[in-house]
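The values are calculated or read from the model by the stated rules, or taken from the named source; none is laboratory data. Since this is a predicted model, take the numbers as computed values, not measurements. With ideal geometry, Cβ positions are generated from the backbone for all residues, glycine too; neighbour counts draw on all protein chains shown. The protein model used for the area step is the full one, side chains on, heavy atoms only, and it has no ligands, DNA or RNA in it. Shrake-Rupley method; radii C 1.70, N 1.55, O 1.52, S 1.80 Å.
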Amino acid sequence: MEDAKHHVPDDFTASEPHLYAVHLGKGYLELPQIDVRNGHLKSEMLSSKNVYILDTWADVFVWFGKKSARLVRAAALKLSQELCDMLPRPDFAMVTRVLEGTESQIFKSKFEGWDDVMAVDFTRTAESVIRRGVDLKKILEKDQIKTDLTALFMPRQGSMGSEEAKAVIEEFNEDLHRMEAFVLEGKKFVRLPEKEPGNFFSGDCYVFLCTYWVPAEESSGDEDSGEKEAEETQMHTVYFWQGRDASNMGWLTFTFSLQKKFEQTFKNTLEVVRMHQQQENLKFLSHFKSKFVIHRGKRKEPIDRSRIAPARLYQLRINDSLVCARTIEIDAKGSSLNSVFCHILNVPFDRSASNGIIYLWIGSKAAEEDVQLANEIAVEMTKVCDRTCLKIA
């Protein structure tokens with residue numbers, strides 16, 4: 001095989017482009033040079049009423065604006081040829097005519113930021129595109145969308161009290177008839193064991209099928225026939241929960257497997273809600289009654305037999321109210337402890353993490369309701385495996 005030959009000399013430096021505007025003066029042609037700062041050409045420099053000559057040493061382009069005069073176009077072609085012959089150029093140099101709107105990619109590459117990629121909103125339907133067009137700027141101008149910024153300057157809404165939060169949780173759970181949980185294992189969803197609902201892993205995807213009782217509207221009938229009692233109907237809501245470290249393949253697997261089965265079974269009574277980690281809605285959180293635990297990693301990770309399983313540290317966070325309470329795994333180090341929160345430390349004694357001890361660390365500034373809830377969560381953690389719970393003030 002022959003060695004590669006270098007066709008570009010080592011001392012080669014790219015020449016700066018020169019842009020000229022062709023104007024018809026009084027009995028003669030004018031060829032003023034356009035000021036190009038730092039050699040960066042921009043498409044805004046070209047006007048539809050004019051004709052331009054772009055000299056890049058290796059190529060000479062004549063750009064015709066759509067509204068330019070025929071006489072100027074003919075003169076620009078003759079000038080460009082004379083300009084090309086005037087200076088020493090490579091053998092492959094040539095004069096190229098370019099019409100506005102039909103520019104080649106080679107010509108566009110000489111300009112900075114000349115991109116013809118059209119912004120497309122893939123969330124719109126075909127009917128919407130036909131009815132309103134594809135130009136998003138025109139749509140926004142027509143709609144004259146205005147943003148209300150008054151909420152930014154309003155006083156912050158007060159947090160929900162403990163009694164009010166408990167009433168909200170009870171109200172959301174009043175109509176809940178049944179909740180079935182599924183988790184993605186491999187390429188299919190399997191039922192989640194009864195002791196695990198409320199425990200989520202950031203690397204997994206979960207599906208919760210919730211059945212609600214919805215009272216039907218009372219229908220007014222004839223007096224002779226009597227009034228019929230309204231019967232309760234069932235509505236089904238599917239919550240899809242995706243962990244922060246989980247891929248979108250879980251959502252695709254759900255849409256092509258479980259969702260189709262649910263739609264065939266429940267038809268018009270089905271609603272699908274997709275959620276991401278720590279962006280759950282209040283109704284979904286209320287079904288776990290403030291005992292919402294998020295672990296790091298995957299639910300079924302391979303066990304490293306070469307060392308003892310690492311300790312896991314959890315922090316109880318109550319954002320705004322008990323409805324939004326979450327117990328989230330954080331870095332297991334001393335600097336992660338905060339006196340305002342309660343923390344739970346799970347320390348395994350073996351490689352499989354089947355035995356160990358759970359410590360409950362209570363911050364000096366933690367609220368009483370936080371301490372009580374953290375204690376209940378720690379006690380439930382002890383039921384999963386053989387552990388004891390120890391309080392630390």
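Scanning the range 231-271 for residues that are hydroxyl-bearing (Ser, Thr, Tyr) and closer than 14 Å to residue 208 by Cβ turns up 237, 239.
When restricted to residues that are touching a residue at least 40 places away in the same chain (Cβ under 8 Å) and not aromatic (Phe, Trp, Tyr), the range 247-269 contains 4. Using the structure shown, decide if residue 42 is open to solvent by 70 Å² or more (accessible area, probe 1.4 Å), modelled with pLDDT of 90 or more and not acidic (Asp, Glu). Answer is no for this residue.
If only residues of the range 102-112 that are without any contact (Cβ under 8 Å) to a residue 60 or more places away in the chain and not in a helix (DSSP H, G or I) are counted, the one that is most open to solvent (accessible area, probe 1.4 Å) is 102. When we screen 233, 237 for residues that are of a type in the set (S, T, N, Q), outside any helix (DSSP H, G or I), open to solvent by less than 20 Å² (accessible area, probe 1.4 Å) and free of Cβ contacts under 8 Å to residues at least 60 places away in the same chain, the only hit is 237. Only residues that are farther than 12 Å from residue 90 by Cα and touching a Phe, Trp or Tyr at 6+ places or on another chain (Cβ under 9 Å) were counted in the range 46-63, giving 10.
Here's the yes/no breakdown for (1) at pLDDT 90 or above; (2) more than 27 Å from residue 189 (Cβ to Cβ); (3) polar (S, T, N, Q):
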| site | (1), (2), (3) |
| --- | --- |
| 295 | yes, no, no |
| 316 | yes, yes, no |
| 364 | yes, yes, yes |
| 387 | no, yes, no |
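One residue alone among 146, 188, 228 is over 20 Å from residue 289 (Cα atoms), at pLDDT 90 or above and open to solvent by 50 Å² or more (accessible area, probe 1.4 Å), and that residue is 188. Candidates are the residues of the range 200-216 that are assigned to a strand (DSSP E or B) and of a type outside the set (Phe, Trp, Tyr); the one that is farthest from the chain's Cα centre (by Cα) is 215.
What is the residue count in the range 136-187 for residues that are within 18 Å of residue 208 (Cβ to Cβ) and either in contact with a His (Cβ under 9 Å, 6 or more places away or on another chain) or in contact (Cβ under 8 Å) with a residue 40 or more places away in the chain (or both)?
Just the residues of the range 136-187 that are within 18 Å of residue 208 (Cβ to Cβ), to begin with: 169, 172-185.
Pick out the ones that are also either in contact with a His (Cβ under 9 Å, 6 or more places away or on another chain) or in contact (Cβ under 8 Å) with a residue 40 or more places away in the chain (or both) and you get 169, 172-173, 176-177, 179, 182-185.
Of the residues in that region, 10 qualify.
Test residue 244 against the stated conditions and say whether it is within 22 Å of residue 187 (Cβ to Cβ) and either in contact (Cβ under 8 Å) with a residue 40 or more places away in the chain or touching an Asp or Glu at 6+ places or on another chain (Cβ under 8 Å) (or both). Against the criterion (within 22 Å of residue 187 (Cβ to Cβ) and either in contact (Cβ under 8 Å) with a residue 40 or more places away in the chain or touching an Asp or Glu at 6+ places or on another chain (Cβ under 8 Å) (or both)), residue 244 qualifies.
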